[in-house]
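Read the figures in this text as sums done on the coordinates, not as results from a lab. All values reported here derive from a predicted model rather than from experimental measurement. Note that we place each Cβ from the backbone using ideal geometry, even for glycine, and neighbour counts take in every protein chain shown.
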Amino acid sequence: MDIQGSIVLQALLLGLAFAITVLRCWVRLHIEHRTLTISDYFIWAGWACTLGWFICSVKALNLQKDHPLDEDGYTDSVDYLTTVYVSCFFFDIGLYMPKASILAFYWWLIPRTFRRLRVSLYIGTAFMVCCGVASVLTDLLLAIPISDNWCVFKPSSPQRSSSISNTGLWKIKPTRYGTTSLT
C-alpha cells in the first residue's frame, strides 16, 4: 500500500471509531438519561491515544518520503526515529484503554456479594495493570540511554552503547511461509 492510501485508510478508521464513540455517549446521555461512566472516559482516553498514534503515523510516513528506509530497514532521519518512538507510547497506552473500560464495566456490573467473581476481577485488574506498566517500561527502557532509541547508526557500528540493541534480536524479518520471526 502506498503512503497516501495508508494515511487515508487510517483516517477513515479513526473517523469510524470517533463516530462509534460519539454514538455510545449519545445513547448513554440521551436514551438512557445517565451520566458518562468511568468506562466511557477510558474509551475516550483510548480514542485520544489513537488520535496521537495517527498523528505520529502521518508524520512518520511523510518523513519517510524524504528519508526512505534502506533495504535493511534503517533510516538517516532522527525526526523519523523520534516520531516512531513517541508513537509507541500512544499505541501501547491506547491498547490498554479498552481493556480498562471493559474492566470498569465489570466492576460496575458484578455486585459485591459475588465474592468469587470479585476475586477474579481483582486478579484480572492487577494483571492488566501489571501488563500495561510492563509495556510502557519496555518502551521507555529498551535502550539505555534513552536517546539511543533515535540515534542514527547501523548495528555494526562500534559507537552503539545499548546492550539490548547490540544483539539485533528486535529486528523482524519475513520468513518463507509468510509469517514473521525474530532474528
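Dipole of the stretch 3-166, Cα-centred, from +1 at each Lys and Arg C-beta and -1 at each Asp and Glu C-beta, to the nearest 20 debye?
Here the size comes out at about 1120 debye.
Mind giving me the nanometre distance, one decimal, between the label points for Arg112 and Ala17, set 7 Å out from Cα along Cα→Cβ?
3.6 nm
Starting from the Cα gyration tensor of the stretch 3-166, take the square roots of the eigenvalues, sort them a ≥ b ≥ c, and report rounded, prolate or oblate (rounded when a/c is under 1.5, otherwise prolate if a/b is larger than b/c, else oblate).
Here the stretch 3-166 falls in the oblate category.
If I model a spin label as a point 7 Å beyond the Cα along the Cα-Cβ vector, how far apart are those points for Asp70 and Ile3 in nm?
1.9 nm
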